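Engineer: I have a structure here, written as structure tokens, and I will follow up with some questions on it.
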Ligand code: GLA
């Protein structure tokens, strides 16, 4: 993660609170494949990246917790005796959520101060929220010697999101941000929360993210709605989750489902299969196969699960005209954010210029391009 950012957050903390803090780096994540499969107890293939949130944290000398969001120049002060979600509280709820969930477990924290900032584009589907939650729980765990394992910490982060933010997310983002490894992606089995790491050699290629810079309204509602559809189909089939379903089983209840719900469930079943297939392809470091799977996954997200939007579809479609790109798809929860692309290193500059212009001409807005590296999960650094 950016060394200047680490130094800046450290300095800001010392200026505000006149003390040397603990510094936590908590990365965002990409996801190679496996979208909306995590809350179906299925499979995903994420990785932590070299962009994220840096948090400086130390004990407070007063009864209050004071949190400074450096990028936004906003402050939150609260007492540990009064921790509850704030309506439209935005970033505040991620922090209050972690503290509130610790308290629910009768895990005692004392007043603390914190400064945080990051280099993840917000709303881009790179999980700035999970990165922030993880940095808080990791920081508090260290500060107050709570002896929580990483597996326990990510469940607290996830609960914060459910209960304080209102998104019934799966475990992928928190897992990837916490457990990420340099140069590796993680094939995560969300039922058992166990991952196999795959070292990926991108050879002449690299990962490029293209941020559509659109973030549609009602994303959270759409997200929760998808989850309800999946739960409904699983219930009809009398199984706990869609993880337990195959295409034949789905056919048996097809007549009891709307076409739209059938397609959504079918997407989840097929997306799980794609994740497993990618695992096999990566054993041979087969980047062509990776590219092909990305296109298939986008097709499913666009036409079956219906979580794409015209801007993302355009960004994916355009890549098909360029042989230097092996594959692309929308990434994350959907309805905006980034596409993930596997592109030849030598083509990055030309393609960036090309897509920036074409996208601007078509939609009247800029797209933003990021190349990312697979990196280590949440950790403490010494400065
Ligand atoms: C969001 C959620 C994740 C996951 C993805 C879609 O990022 O937080 O749990 O469901 O969407 O794959």
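Engineer: Could you tell me how many degrees, from 0 to 90 and to the nearest 10, lie between the Cα long axis of helix 287-299 and the main elongation axis, the longest principal axis, of the Cα atoms of the chain?
Structural biologist: Computed tilt is about 90 degrees.
Engineer: If you take the C-alpha gyration tensor of the chain, multiply each eigenvalue by 5 and take the square root, what semi-axes do you get, largest first, in whole Å?
Structural biologist: So the equivalent ellipsoid measures 34, 25, 19 Å along its semi-axes.
Engineer: Same structure again: Quick check: pseudo-label points 7 Å beyond the Cα along Cα→Cβ at residue 110 and residue 4, how many nm apart are they?
Structural biologist: 3.7
Engineer: Where both residues lie in region 62-155, what percent of DSSP beta bridges are antiparallel, nearest 5?
Structural biologist: Antiparallel bridges: around 60 percent, rounded to the nearest 5.
Engineer: What do you get for Rg/Rh of region 229-294 when both radii come from the Cα atoms and Rh is the Kirkwood radius?
Structural biologist: Using Cα coordinates only, the ratio equals 1.10.
Engineer: Which whole number of Å³ per residue matches the convex hull of the alpha-carbon atoms in region 1-92?
Structural biologist: Roughly 147 Å³ of hull volume per residue.
Engineer: Can you work out the base-10 log of I(q)/I(0) for region 252-383 at q = 0.10, 0.22 1/Å, using the Debye formula on its C-alpha atoms alone?
Structural biologist: -0.41, -1.34
Engineer: 7 Å from Cα along Cα→Cβ at both residue 182 and residue 349: what's the point-to-point distance in nm?
Structural biologist: 2.8
Engineer: Suppose the chain between residue 286 and residue 228 were pulled fully straight at 0.36 nm per residue; how much longer would it get relative to their current alpha carbon spacing?
Structural biologist: Here the answer is 17.3 nm.
Engineer: Return the distance in nm (one decimal) between the two label points of a simple spin-label model at residue 247 and residue 191, each offset 7 Å from Cα along Cα→Cβ.
Structural biologist: 2.0
Engineer: Now for a different question. Given a 10 angstrom Cα cut-off, can you work out which residue in 21, 85, 240 is the most mobile in a GNM of the chain?
Structural biologist: Per the Cα network of the chain with a 10 Å cutoff, 240 tops the list.
Engineer: In addition: Taking 0.36 nm per residue of separation and subtracting the Cα-Cα distance, what length does fully extending residue 62 through residue 206 add?
Structural biologist: Roughly 47.0 nm would be gained on extension.
Engineer: What percentage of all Cα-Cα pairs in region 17-169 are separated by more than 28 Å?
Structural biologist: Value for region 17-169 (Cα pairs over 28 Å): 15 percent.
Engineer: Rounded, prolate or oblate: which fits region 139-291 when a ≥ b ≥ c are the square roots of the eigenvalues of the alpha-carbon gyration tensor, with rounded for a/c under 1.5 and prolate only if a/b beats b/c?
Structural biologist: oblate
Engineer: How would you classify region 320-379 from its alpha-carbon gyration tensor, with a ≥ b ≥ c the square roots of the eigenvalues: rounded for a/c under 1.5, else prolate if a/b is greater than b/c, otherwise oblate?
Structural biologist: oblate
Engineer: Which angle from 0 to 90°, rounded to the nearest 10, does the C-alpha axis of helix 259-283 make with the longest principal axis of the chain?
Structural biologist: Helix 259-283 sits at roughly 80 degrees to that axis.
Engineer: May I ask you to derive the FRET efficiency for residue 11 and residue 122 from their Cβ-Cβ distance with R0 = 22 Å, giving the value to the nearest 0.05?
Structural biologist: E(calc), rounded to 0.05, equals 0.45.
Engineer: Tell me, in nm to one decimal, what length is gained between residue 299 and residue 103 on full extension, where the rule is 0.36 nm per residue of separation less the Cα-Cα distance?
Structural biologist: 66.2 nm
Engineer: Right, next: Please compute the alpha carbon radius of gyration of region 44-134, then divide it by the globular-protein estimate 2.2 N^0.38 Å. Two decimals is fine.
Structural biologist: Output field value: 1.13.
Engineer: When ranked by the protection proxy of mean other Cβ atoms within 10 Å per residue, highest first, what sequence do the peptides 42-53, 101-112 form?
Structural biologist: 42-53, 101-112
Engineer: Right, next: Counting residues in region 90-163 as N, plug N into 2.2 N^0.38 Å and put the Cα Rg over that result.
Structural biologist: Rounded to two decimals, the normalised Rg is 1.05.
Engineer: Between helix 91-104 and the chain, what is the angle of the helix's C-alpha long axis to the longest principal axis, kept within 0 to 90° and rounded to the nearest 10?
Structural biologist: 70
Engineer: Per residue of the chain, what 222 nm ellipticity follows from adding -39500 (n - 2.57) for every DSSP H run with n ≥ 4, rounded to the nearest 500?
Structural biologist: Mean residue ellipticity, 222 nm, calculated: -13000 deg cm²/dmol.
Taken together, the values in this text are just the output of simple stated rules run on the coordinates, not laboratory data. Everything numeric in this text was worked out from a predicted model, so none of it was measured. Using ideal geometry, Cβ is built from the backbone for each residue, glycine included, and neighbour counts are taken over all protein chains shown.
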